[in-house]
Every structure is written in C-alpha cells, then in structure tokens.
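Visitor: I'd like to ask some things about the structure below.
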Amino acid sequence: MAAEPAWQRLLAQPWLWSYLAAASVWAATIAFTQGQGGGQVLTAAFTFAAFFVIVGIGQMFVVTLGPGNVDLSIPATMTLAGTLAMRIMDGHEALILPGLALALGCGVVIGAINYGLIRALRIPPIIATLSSSFLIQSTAIWYNRGIRIKPPPALAEFATAQVAGVPVLAVGVILLTVLMHVLLTRTRYGRAVLAIGQNQRAAGLAGIPVDRIRLGTYMLCATLAGLCGYVQAGFAGGAALNMGEEYLLASIAVVVIGGTSVAGGNANVPGLWGAALFLFLLVTMLNTFGLGAGIRLVMTGIIIIAVIIAASGRQRAR
C-alpha cells in the first residue's frame with residue numbers, strides 16, 4: 001500500500017485550518033487598508049494571542065481528559081493571582097520573583113480546590129469550577145478594594161518589549177508552547193492524560209492513577225491562569241477586577257478551533273497559536289470594515305463555526 005503523500009497528511013491536520021483562517025482574515029484586513037499597518041497588526045496579534053495561548057494550554061489539558069471536563073474558573077483565577085501579585089510587589093523590582101511565585105502558587109491552590117470539589121461533591125467539573133469562580137472573584141474584590149497598583153517597571157517592560165517588531169512576550173509563550181507540547185506527547189503524564197480522555201475506565205484498569213492525573217491537570221490549568229493574570233497585570237499597568245472576563249470563552253474557543261477534540265483523548269498544541277491569532281485578527285478585520293457591534297458578533301460566530309466545521313470535517317475524513 002502506497003504511503004500517503006506529505007501534502008495530504010498536511011491537509012489532514014486539524015490545526016492547519018486555524019492558521020489558514022488567520023492568514024485569510026489578515027490578508028483581507030491588509031487589502032481593505034491597501035497595505036497600511038500590516039506589520040503593526042501582526043505585532044498586536046502576537047502580543048494579545050500570547051495571553052490566549054497561555055490560558056488555552058491549560059484549558060486544552062483539562063478538555064483532553066474527556067467529555068464534561070472544562071475549567072470555568074480561569075477568569076477569576078487570573079484576577080486573584082494578578083491582584084495578589086501586584087499587592088505583594090507594590091512596584092518593587094526586587095519582589096518580581098516572589099510575586100510570580102505567589103501568582104503560580106495561587107493557581108496551584110485553586111486547581112486543587114477545583115478538583116477537590118469535583119471529587120468530594122461528585123458534581124460535574126463545569127458546575128464545580130463555576131461555583132469556585134464566584135468565591136475566587138469575591139476574594140479578589142475583597143482584597144483589591146478598588147486599588148490599582150502599578151507593576152514593577154521591569155515587569156512592565158518585559159510584557160510590552162519588542163525586538164525588531166517581535167513581542168518578547170510572544171517569544172516566551174512560544175517556548176512555553178513547545179515545552180507543553182513535549183509534556184503532552186513525550187512524557188508519561190501527557191500520555192496518561194490522553195489515555196484517560198480516550199477511556200477513563202480502561203486507563204484505570206491499565207494502572208494509570210486517574211485521580212492523581214486529573215488533579216495535576218486541574219492544578220496545571222489554574223497555574224497557567226495565574227501566570228496569565230500575572231503577566232497581563234504587568235502588560236496593562238496593574239490588575240483590574242474585570243481583567244479575565246474575555247478569557248472565559250476565549251480559552252475554550254482557542255482549544256476547539258485549534259483542533260483539540262471536545263470528546264477528549266485528542267489534543268493539539270500547535271493549533272492553539274493559529275486559533276489565538278485568528279480570534280484577534282478576526283475582530284480586527286471586522287472593526288476595520290467598520291461594522292456595527294451586532295453585526296460583528298454575528299459574523300464572528302458564523303466564521304468561527306465555519307472554521308470548526310472545516311477542521312472537524314477533515315478529522316472525520318482522516
């Protein structure tokens with residue numbers, strides 16, 4: 001039997017469609033502006049896509065665990081982690097690393113609480129994480145008290161720095177993406193996550209510690225949300241109580257558009273970047289066209305659905 005041509009294998013990859021969609025909307029935007037501002041749009045796209053990718057990685061691991069697994073506490077975790085870090089650093093550069101450790105530790109604790117609720121109360125993850133998000137957000141509101149503390153200058157410079165038009169933050173997140181790809185595909189933990197998503201009962205019978213793997217996955221997701229909150233607070237000039245709002249649906253959208261199966265057992269790390277770029281460039285394109293808010297929302301939904309259908313259709317064909 002003849003080997004499948006390389007171009008056919010490439011077209012069968014679900015992540016390809018997110019990149020093609022991102023390139024198409026960018027080209028449409030540049031054509032509309034007659035080539036003006038193309039570089040600036042890409043720079044902005046990579047900057048904001050980096051935030052989507054950070055939370056998208058964690059959500060992808062959770063979704064890969066199987067149907068019903070999703071973390072809705074990401075926005076609240078970002079807010080609390082960013083708020084705690086900014087308060088402890090109080091603008092002092094010497095406290096940048098302790099602030100980062102606090103943000104990551106906040107995520108670890110929240111992830112453990114989330115899975116504790118799932119196991120102890122035996123409720124669906126979507127309910128458990130939604131419930132915990134109210135408690136987390138309330139804690140952030142109580143602790144913030146309406147005070148916006150500026151980040152240390154070095155953190156702000158890192159979050160906004162560019163080298164030859166390339167955001168330093170995006171480069172760092174690309175390296176993180178490579179690391180997470182290796183974790184998923186080359187380690188026992190990653191293979192265990194995939195096995196649980198394909199058949200949790202069979203994974204348990206095969207000797208995989210299902211509870212420990214699921215606990216670690218929810219902790220990983222919340223930790224990455226804490227990291228995102230920390231970095232975004234540095235980028236935006238401080239932590240705000242609504243800083244995580246847009247990441248609730250975005251964290252799920254980049255996972256689905258990027259080619260990860262919502263049925264579990266099949267994850268796609270490379271597709272996260274294509275999906276994140278597509279989401280930002282799509283909004284940019286519709287804004288450039290001068291469409292009203294209502295039309296923009298409708299068009300965004302239609303285009304996203306079309307990309308998902310194209311990607312899933314290729315997966316079924318394969």
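The values are calculated or read from the model by the stated rules, or taken from the named source; none is laboratory data. Remember, predicted model here, so these are calculated numbers, not experimental data. Note that we place each Cβ from the backbone using ideal geometry, even for glycine, and neighbour counts take in every protein chain shown.
Yes/no matrix, rows are residues, columns are (1) in contact with a Pro (Cβ under 7 Å, 6 or more places away or on another chain); (2) farther than 29 Å from Met89 by Cβ; (3) at pLDDT below 85:
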site: Gly238; (1), (2), (3): yes, no, no
site: Ala253; (1), (2), (3): no, yes, no
site: Gly271; (1), (2), (3): yes, yes, no
site: Leu277; (1), (2), (3): no, yes, no
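Visitor: When Tyr189 is evaluated against the numbered criteria (1) assigned to a helix (DSSP H, G or I); (2) at positive phi, which criterion, by number, is the only one it fails?
Guide: (2)
Visitor: Scan region 170-182 and give yes if some residue there is of a type in the set (S, T, N, Q) and either touching a Ser or Thr at 6+ places or on another chain (Cβ under 9 Å) or surrounded by fewer than 15 Cβ atoms within 10 Å (Cβ to Cβ) (or both), otherwise no.
Guide: no
Visitor: Here's something else I'd like to know. With respect to Ser131, is the statement that it is more than 12 Å from Gly226 (Cβ to Cβ) and surrounded by 15 or more Cβ atoms within 10 Å (Cβ to Cβ) true?
Guide: For Ser131, the condition - more than 12 Å from Gly226 (Cβ to Cβ) and surrounded by 15 or more Cβ atoms within 10 Å (Cβ to Cβ) - is met.
Visitor: To continue, here is another question. Please state which of the following conditions Leu224 fails to meet, knowing it meets all the rest: (1) touching a residue at least 60 places away in the same chain (Cβ under 8 Å); (2) hydrophobic (A, V, I, L, M, F, W, C); (3) not in a helix (DSSP H, G or I).
Guide: (3)
Visitor: For Gly204, indicate whether it is touching a Leu at 6+ places or on another chain (Cβ under 8 Å) and part of a helix (DSSP H, G or I).
Guide: Spelling it out, it is not the case that Gly204 is touching a Leu at 6+ places or on another chain (Cβ under 8 Å) and part of a helix (DSSP H, G or I).
Visitor: Can you name the residue in region 231-264 that is over 14 Å from the mean Cα position of the chain (by Cα), in contact (Cβ under 8 Å) with a residue 40 or more places away in the chain and in a helix (DSSP H, G or I) and is also surrounded by the most Cβ atoms within 10 Å (Cβ to Cβ) among such residues?
Guide: Ala233
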